[in-house]
Amino acid sequence: MHTSPVTTAHHETHENPALLHHFATAEQQKNAASFGMWVFLLTEVMFFGGMFCAYLVYRYWYFGDFAAASKSLDWRLGAVNTAVLICSSLTVAMAVRCGQVGKQKAMVVYLALTILLGLVFLGIKGIEYRDKFVEHHVPGQSDFQLKEAIPRQPGVLANQQHAQVYFSLYFAMTGMHALHMIIGVGLFAFLTYKAWKGAYSPEYYTPVENAGLYWHFVDIVWIYLFPLLYLIDRHP
Amino acid sequence: MSEHISSVKLYVGIWLALLAGTGLTVLAARIDLGPFNTIVALSIATIKAILVVLFFMHVKYAHEKMTKLVIVTAIFFLFILLALSMADYGTRLWS
């Protein structure tokens with residue numbers, strides 16, 4: 001890549017150093033970045049959509065077994081994690097707002113809080129995963145065993161194969177969600193460092209905004225995962 | 001460019017609504033509504049998702065029509081994926 005002297009001169013005369021030479025205005029640059037992020041999120045919708053579709057088909061076929069397997073999850077931990085993610089969505093929204101109004105120090109705090117909440121979520125998820133291993137609820141374990149009766153059919157235990165389908169989907173969906181969380185925490189660690197260095201201002205905070213869009217999307221996926229995985233036929 | 005800046009009050013309000021929605025989801029799951037349990041749970045989840053998209057993701061204030069086009073596209077293709085798959089798998093056991 002070579003830069004012509006003309007372009008360099010153009011750069012130097014412009015007041016916004018974040019504006020790249022192939023964009024006419026800062027607004028155009030921001031809109032292009034935002035549009036790119038939304039198209040990426042569209043592909044993410046289809047990515048998770050495939051798993052939701054598989055879930056839907058098997059839940060319809062093996063409803064009783066899915067309901068029984070769902071009962072083995074701790075809905076309290078799931079609810080707490082939902083609240084943790086919602087709080088982290090608020091801190092991200094506040095971090096983006098700090099970018100808009102130019103509060104650099106507050107942005108660092110909100111980004112750090114987001115990382116902290118993300119790690120709390122992953123920690124709780126880790127505890128839940130450990131419980132599943134201890135209880136032999138991991139599909140493929142040679143001693144897999146789900147001693148849970150099908151709701152409304154007292155005494156009828158869940159079909160072990162069908163229960164393993166549920167737990168396969170449980171681990172695939174929450175696992176891919178957790179991977180997105182891990183990537184998000186990594187992104188925010190980088191952004192916190194950059195914000196601490198004073199990289200973002202009301203003229204340029206696009207990376208914070210786009211990472212925020214990603215984080216809110218991951219939050220939305222969990223908003224659906226929580227009732228679908230934890231709360232099938234829960235009433236006593 | 002006049003970027004819309006939401007008030008802190010609004011963000012806190014949305015946050016409280018999302019937390020209330022989570023509580024409501026748990027409460028609704030403990031009442032026996034038969035097949036309507038799923039519908040209620042998914043309706044609450046969808047309302048929560050709409051709040052996140054409109055306010056936290058600033059879609060309510062987006063000047064760009066392209067953003068809205070992308071969202072409508074996502075929902076449309078997700079609908080095709082789920083509806084046509086269920087139309088197939090959901091009716092295979094009918095005989």
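Readers should treat all values here as calculations from the given coordinates under stated rules, not as data from a laboratory. What you are looking at is a predicted structure, and each value in this text was computed from that prediction instead of being measured. With ideal geometry, Cβ positions are generated from the backbone for all residues, glycine too; neighbour counts draw on all protein chains shown.
Remarks
- GNM result for chain A, Cα springs below 10 Å: residue of A:Leu117, A:Leu169, A:Leu20 fluctuating most strongly: A:Leu20
- The Cβ shell under 10 Å around A:Arg152 holds other residues with a net charge of -2, Lys and Arg each +1, Asp and Glu each -1.
- All C-alpha to C-alpha distances of chain A, sorted into 5 Å bins beginning at zero, yield P(r) values of 1, 6, 12, 14, 14, 12, 10, 8, 7, 5, 4, 3, 2, 1, 0, 0, 0 percent in whole numbers.
- The chymotrypsin sites (Phe, Trp or Tyr not before Pro) found in segment A:173-236 include none that occupy coil by DSSP while having at most 11 further C-beta atoms within 10 Å.
- The eigenvalues of the Cα gyration tensor, multiplied by 5 and square-rooted, give segment A:114-236 an equivalent ellipsoid with semi-axes of 39, 15, 10 Å from largest to smallest.
- With one equal scatterer per alpha carbon and no solvent term, the Debye-computed log10 I(q)/I(0) for segment B:1-66 at 0.13 1/Å reads -0.47.
- Placed amide H near A:Ser201: partners under 5 Å, 5+ positions off or other chain: none
- Residue order, fewest to most surrounding Cβ atoms within 10 angstrom, among A:Val101, A:Val109, A:Val156: A:Val101, A:Val156, A:Val109
- Against the compact-protein benchmark of 2.2 N^0.38 Å, the Cα-based radius of gyration of segment A:74-144 scales to 1.53.
- For chain B, adding -39500 (n - 2.57) for each run of n ≥ 4 DSSP H residues and dividing by the number of residues yields -23000 deg cm²/dmol at 222 nm.
- Inter-label distance, A:Ala149 to A:Ala83: 3.1 nm, where each label sits 7 Å from its Cα along the C-beta direction.
- Cα-Cα pairs of segment A:6-114 separated by more than 19 Å (percent): 72
- Pairwise label distance in nanometres, A:Val39 with A:Tyr129, each label 7 Å out on the Cα-Cβ vector: 3.3
- Helix-only [θ]222 nm of chain A, DSSP H runs n ≥ 4, -39500 (n - 2.57) each, per residue, nearest 500: -25500 deg cm²/dmol
- Descending Cα extents along the principal axes, segment A:183-236, whole Å: 54, 18, 15
- Debye log10 I(q)/I(0) for segment A:159-215, one point scatterer per Cα, at q = 0.22, 0.23, 0.26, 0.27 Å⁻¹: -0.83, -0.87, -0.98, -1.02
- Sorted fewest first by neighbouring Cβ atoms within 10 angstrom, A:Val92, B:Val26, B:Val72 come out as B:Val72, B:Val26, A:Val92.
- Note on segment A:192-226 and segment A:88-164: Cα centroid distance 20 Å, given to the nearest whole angstrom.
- Across all C-alpha atoms in segment B:36-95, the radius of gyration and Dmax reach 15.6, 52 Å.
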